[in-house]
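Colleague: Could you have a look at this structure, given as structure tokens, before my questions?
The values are calculated or read from the model by the stated rules, or taken from the named source; none is laboratory data. Remember, it's a predicted structure, so these values are computed and weren't measured experimentally. Quick reminder, even Gly has a Cβ in these numbers, built from the backbone with ideal geometry, and neighbours come from all protein chains shown.
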Number of protein chains: 2
Amino acid sequence: MIAQQLCYNRSETFRGEQAQHKSMARRHNIDGRPTIAQIARIAGVSVPTVSKVLNGRADVSLPTREKVERIIEEYGFVRNRAARALRKGKTGLVDLLLPRLDDEYYLPILEGVAQVLREAGLRLVLTATDYKSEEEVRWITTVTDHSTDGILVVLPSERAIEQLERSGLPFVLIHNQGGLQAMAPSVRITSWEGGFVATTYLLRLGHQRIAYIGKTSPARDAIERIAGYRAALDAAGLPLRPELECDGDFTEASGYQATLRLLELPEPPTAIFAGNDRQAAGVYRALHERGLAVPEQMSVVGFDNLPYTEIMNPPLTTIHAPRLELGRTAATMLLRLINGEQLEMPRVVLPTHLVERQSCCPPRQHQG
Amino acid sequence: MIAQQLCYNRSETFRGEQAQHKSMARRHNIDGRPTIAQIARIAGVSVPTVSKVLNGRADVSLPTREKVERIIEEYGFVRNRAARALRKGKTGLVDLLLPRLDDEYYLPILEGVAQVLREAGLRLVLTATDYKSEEEVRWITTVTDHSTDGILVVLPSERAIEQLERSGLPFVLIHNQGGLQAMAPSVRITSWEGGFVATTYLLRLGHQRIAYIGKTSPARDAIERIAGYRAALDAAGLPLRPELECDGDFTEASGYQATLRLLELPEPPTAIFAGNDRQAAGVYRALHERGLAVPEQMSVVGFDNLPYTEIMNPPLTTIHAPRLELGRTAATMLLRLINGEQLEMPRVVLPTHLVERQSCCPPRQHQG
DNA sequence: TTTCTTCTAGAAAACGATTTCGATTTCTTT
DNA sequence: AAAGAAATCGAAATCGTTTTCTAGAAGAAA
């Protein structure tokens, strides 16, 4: 083990290949990377001709084209993006602003954006704002410098949206919290419907006392979820019981706390709609600690359909939030805007749906 | 719910603020975004003077500076990055190549890189290669176009490294698979030691029959883990039993399969070192299906310390892979290289450590 | 052969910043 | 008051590409 360690830590100064490469370039009489001008000189043509070859223009004869292409290949020429961007006014870059990077919730969104961008030959600049709107505004200012052709913002603050609208840069909002008045292009999910469906599902199983966790968050998606929950109860002719609507800031810990409180109620619920999957994990932990079995003694429904819900024990029934599509849709819309096209559907809402697994069953008879 | 839907789907054509903004700009007699030249004209100074103000140069008098700053503020001027990049030869961008985006394993690496880059005022360009080395090479070619000041590659292929070395661009490798001969700057973790520590921990608890899952993967980290496992058994004077070294490609499914096979052995193991946390999740599932309790009837150790291991039931004892530090260290090294400095420690290895939770206990007496 | 198209190719002007360096102006110093 | 030093500012070149726009060559039609 010690030998291993020594081997690992062997300190060998790394001298970049830069030096090596430069000398190789010198042999070809080129300082550093070749430019279009160098290539043109070597090929015995003019600079615009090389540019035309590079851009696949028609007004270049076949022999000339082939000669230039050969030289380009031989010298491994790649054109300088900065110069190109300067001239064309497009950078080929798109910015994505995320509240956090260490939250796996956003991962599929990122993935979706990356997919679409890659198909379009654009590259993705990633920025985390840490939920601070100052950071957000600061970055949007930075971004306004034409370093990027457009911008996607997840969970944008009001200020960020204003800044964005003022900037004139194409942008699309993901999970926009904003009021209904905002006409900015955005993509969201049917959180209300999700809450409604989750609750209705539990009602159909026969549950009468259903708790909701996650009352604390002021986020729009959270508000809609609880609204959906209430609407479902109402539609079923059941009264709303304040004691069953628990605080919760969408963390595992708050799911745990809320569950403990629910279990101390004179009449505990027979089912819990956890608001999101992280809180559902906390619910599981509390139930396990108290020796209650899921779903026999307590049905649980989550929201989001994070990857780990599949390997929870028992696998969690949850509402699927189409996060990959969120990213793909937003990116596709942004591409249109960048292209100067108009959006006939500027505000898109993607449907959620129930993923039935094994955390729910009808309530036991002696209850209620 | 129908009303809700209608509201969501209301189709309102979005006409970009671009048009609006342009007219506002026209009022100020500016076409589109102001340039340094515009600002200079308005402020009644020369272009270089504005540039000097922007760059905080000393040779500008206070009144001039203040006047220019006022105009800049008033017109919301931000300089064009492309022009700046062209002139300075630096783009302020760093590339990060990841094998996949939908794998939460890489998330903390990404986070670490982003942190360091943000502190340095650089921005992060993210690219996924989908484990395809052609993609990797293609992107590295793309990246050579000076669009980026440096590049970080996670799990680089041999070809990618060659390409990188040829490019002359500063780069740092993360989780380099390569042979020991490669002198390229890289950051890795002590996988061998992790395997050794995990196995030793089980041995100390009294286990004699310890299985390992994950023999299939050719990745260097996988090879080191099993090597560490064998070394620990060897150090304890125990024989290596081939039937306890299971295939496994580091997916949940393969952990599940391997466990089922292990349980069918005439003498099943009393502990399983799962190779990684995903496989450990599969182990849990198989054990649960067979009605075996963790840790009473089977101890389990994972590797990586993914977030969900904490909420597994019981919480998983695992080897922590310092992924955030992996990202931070690599980014810090790259910054040095970009700065033209030399690395006195070009090949860094970060330590792993055991995170003791509740998935292990001494074996039951009647076993072995 | 002449004239009119159609192809090719290149000269020159952008794109918007930074940098160099020389020309003023202002301030010290004697 | 004159000379030298220091501070301030701007003209022009530059980064590497793309985009006119024009000139000449080649081919077609008369």
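Colleague: Can you find even one residue in segment A:328-351 that is within 11 Å of chain B (Cβ to nearest Cβ), farther than 28 Å from A:GLY150 by Cα, assigned to a helix (DSSP H, G or I) and touching a residue at least 12 places away in the same chain (Cβ under 8 Å)? Full working, then the answer.
Modeller: Initially, segment A:328-351 is screened for residues within 11 Å of chain B (Cβ to nearest Cβ), giving A:333, A:336-338, A:340-351.
From what's left, farther than 28 Å from A:GLY150 by Cα: none.
No, every residue in segment A:328-351 fails to be within 11 Å of chain B (Cβ to nearest Cβ), farther than 28 Å from A:GLY150 by Cα, assigned to a helix (DSSP H, G or I) and touching a residue at least 12 places away in the same chain (Cβ under 8 Å).
Colleague: Restricting segment A:75-105 to residues that are buried (at least 23 other Cβ atoms within 10 Å of the Cβ) and more than 9 Å from chain B (Cβ to nearest Cβ), which is nearest to B:ASP145 (Cα to Cα)?
Modeller: Ranking the candidates gives A:VAL94 first.
Colleague: Counting only residues that are modelled with pLDDT of 95 or more and closer than 20 Å to B:LEU316 by Cα, how many does segment B:346-368 have?
Modeller: 12
Colleague: OK, next. Do we have A:ALA85 as under 30 Å from A:GLU162 (Cβ atoms), near DNA strand D (Cβ under 10 Å from one of its atoms) and not in a loop (DSSP other than H, G, I, E, B) here?
Modeller: In short, yes.
Colleague: How about segment A:255-285: which of its residues are among the small types (Gly, Ala, Ser) and either away from every other protein chain (no Cβ under 14 Å) or surrounded by fewer than 23 Cβ atoms within 10 Å (Cβ to Cβ) (or both)?
Modeller: Once the filter is applied, which keeps residues that are among the small types (Gly, Ala, Ser) and either away from every other protein chain (no Cβ under 14 Å) or surrounded by fewer than 23 Cβ atoms within 10 Å (Cβ to Cβ) (or both), segment A:255-285 yields A:ALA258, A:ALA271, A:GLY275.
Colleague: Inspect segment B:302-313 for any residue being over 29 Å from A:GLN279 (Cα atoms), in contact (Cβ under 8 Å) with a residue 60 or more places away in the chain and assigned by TED's automatic domain parsing to the domain that holds B:ARG225 and give the result as yes or no.
Modeller: Start the filter on segment B:302-313 by keeping residues that are over 29 Å from A:GLN279 (Cα atoms), which leaves none.
No, segment B:302-313 contains no residue that is over 29 Å from A:GLN279 (Cα atoms), in contact (Cβ under 8 Å) with a residue 60 or more places away in the chain and assigned by TED's automatic domain parsing to the domain that holds B:ARG225.
Colleague: Among the strands (runs of 3 or more DSSP E) contained in segment B:163-216, which hold 1 or more residues that are out of contact with any Asp or Glu (no Cβ under 9 Å at 6 or more places or on another chain), more than 11 Å from chain A (Cβ to nearest Cβ) and among the hydrophobic types (A, V, I, L, M, F, W, C)?
Modeller: Counting at least 1 such residues, we get B:171-174, B:210-213.
Colleague: A follow-up question, please. Within segment B:21-50, work out how many residues are surrounded by fewer than 18 Cβ atoms within 10 Å (Cβ to Cβ) and modelled with pLDDT of 90 or more.
Modeller: Of the residues in that region, 7 qualify.
Colleague: If a residue must be without any contact (Cβ under 8 Å) to a residue 12 or more places away in the chain and of a type in the set (A, V, I, L, M), how many such residues does segment B:86-106 contain?
Modeller: 1
Yes/no per residue for (1) more than 21 Å from B:TYR308 (Cα to Cα); (2) crowded, with 17+ Cβ neighbours inside 10 Å; (3) touching a strand residue (DSSP E or B) at 6+ places or on another chain (Cβ under 6 Å); (4) not aliphatic (A, V, I, L, M):
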site	(1), (2), (3), (4)
A:GLU296	yes, no, no, yes
A:THR317	no, yes, yes, yes
A:THR329	yes, yes, yes, yes
A:ASN339	yes, no, no, yes
A:LEU343	yes, yes, yes, no
A:PRO346	yes, yes, yes, yes
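Here is a yes/no grid of residues against (1) over 19 Å from B:ARG138 (Cβ atoms); (2) more than 16 Å from DNA strand C (Cβ to nearest atom); (3) touching a strand residue (DSSP E or B) at 6+ places or on another chain (Cβ under 8 Å):
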residue: A:ARG81; (1), (2), (3): no, no, no
residue: A:ARG84; (1), (2), (3): no, no, no
residue: A:GLY92; (1), (2), (3): no, no, yes
residue: A:ASP95; (1), (2), (3): yes, yes, yes
residue: A:GLU104; (1), (2), (3): yes, yes, no
residue: A:LEU110; (1), (2), (3): yes, yes, yes
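Colleague: Here's something else I'd like to know. So how many residues does segment B:56-74 have that are within 12 Å of DNA strand C (Cβ to nearest atom) and either basic (Lys, Arg) or within 14 Å of another protein chain (Cβ to nearest Cβ) (or both)?
Modeller: Looking only at that region, the number is 2.
Colleague: Hey, another quick one. In segment B:303-327, what count of residues is obtained for those that are part of a strand (DSSP E or B) and not aliphatic (A, V, I, L, M)?
Modeller: So the answer is 5.
Colleague: If a residue must be farther than 19 Å from B:LYS88 by Cβ, in a helix (DSSP H, G or I) and more than 8 Å from DNA strand D (Cβ to nearest atom), how many such residues does segment B:40-77 contain?
Modeller: Going through segment B:40-77 one residue at a time, the tally reaches 13.
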